[in-house]
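No lab work stands behind these numbers, since they all come straight from the coordinates. Quantities reported herein were computed from a predicted structural model and do not represent experimental measurements. Cβ atoms come from the backbone with ideal geometry, glycine included; neighbour counts cover every protein chain shown.
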Amino acid sequence: DQQVKQNSPSLSVQEGRISILNCDYTNSMFDYFLWYKKYPAEGPTFLISISSIKDKNEDGRFTVFLNKSAKHLSLHIVPSQPGDSAVYFCAASDYGGATNKLIFGTGTLLAVQP
Amino acid sequence: GAVVSQHPSWVICKSGTSVKIECRSLDFQATTMFWYRQFPKQSLMLMATSNEGSKATYEQGVEKDKFLINHASLTLSTLTVTSAHPEDSSFYICSARDLAATNEKLFFGSGTQLSVL
């Protein structure tokens, strides 16, 4: 049972445009969400996170939106740059619980075309 | 941010041999480390939670006798894949939790690509 889903395996965007990556989850106990960027044969690197008490968090070119009623979050990258090309994973956690182990989505491969 | 070192970065071994992967937190102490596995085009799947000084907690479906985890110090956790078989070929990633970090507290190693022939 995939508790965190990224339904788009890939996304192609022109440089300078907005990239929107989507993520859905099923477990209402999740209260903390993260986005990671991953290059091949490397570990994920943290990008941005959001707590369930917020609906938006912004950090430079990256903004994460959370819609709890829809159990949906999205990552916006604007403007997109070729260096943003990577696989993006969303992850969820019951951060306020006894453990904060992460449940990852299947990832979306973003290709930013120059 | 905090640094987690994982090695080897890749290993090729014969079927039936055992492989040890090390995960070190270089500039912080980690009482808890996590081991993940990623098959091609799939998600990172949590295998086990490694606790310093105690037994690891394994996720459902992960064989604890096959994937031995030792977390003997606050900066080192090891994963040993015993009697490896081709189906164990995967990308293994560790992460460590730095409770003193101000923002995101979970940091990942660079991963180990295991190929079992």
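Once label points are set 7 Å from the Cα along Cα→Cβ at both residue B:9 and residue B:70, what is their separation, rounded to one decimal in nm?
2.6 nm
Give me B:94, A:23, B:13 sorted ascending by neighbouring Cβ count inside 10 Å, so fewest comes first.
So the residues, fewest neighbours to most, are B:13, A:23, B:94.
Of B:85, B:44, B:19, which is farthest towards the positive pole of chain B's charge dipole, taken about the Cα centre with +1 and -1 on the beta-carbons of Lys, Arg and Asp, Glu respectively?
B:85
Over 26 Å between C-alpha atoms is what I'm after, so list which of A:37/B:64; A:68/B:105; A:5/B:20; A:5/A:68 land there.
The pairs that break the limit, which is 26 Å between Cα atoms, are A:37/B:64; A:5/B:20.
Using the number of other C-beta atoms within 10 angstrom as an exposure proxy, rank B:46, A:11, A:75 with the fewest first. Walk me through the numbers on the way to the answer.
Details: B:46 19, A:11 16, A:75 23.
Going from sparsest to densest Cβ surroundings: A:11, B:46, A:75.
Based only on the alpha carbon positions, what is the Kirkwood hydrodynamic radius of segment A:53-114, in angstrom?
Numbers: mean 1/r = 0.0749 Å⁻¹.
For segment A:53-114, inverting the mean 1/r across all distinct Cα pairs yields 13.4 Å.
Hey, any idea what Rg/Rh is for chain B, computing Rh the Kirkwood way over Cα pairs?
0.96
Rg to Rh ratio, the protein assembly as shown, alpha-carbon atoms and Kirkwood radius?
0.97
Work the Kirkwood hydrodynamic radius out for segment A:15-101: mean of 1/r over every pair of different alpha-carbon atoms, inverted, in Å.
On the way: mean 1/r = 0.0743 Å⁻¹.
Averaging 1/r across every pair of different Cα atoms and inverting gives 13.5 Å.
Under Stokes-Einstein, with the Kirkwood radius over Cα pairs standing in for Rh, what whole-number D in µm²/s applies to segment B:27-80 at 37 °C and 0.692 mPa s?
Stokes-Einstein gives a translational diffusion coefficient of 282 µm²/s.
Give me the distance in nm between label points sitting 7 Å out from Cα along the Cα-to-Cβ direction at residue A:76 and residue B:27, one decimal.
Taking the simple label geometry, residue A:76 and residue B:27 are separated by 3.3 nm.
Taking other Cβ within 10 Å of each residue's Cβ, how do B:93, B:12 sort, fewest first?
Ordered by Cβ neighbours within 10 Å, fewest first: B:12, B:93.
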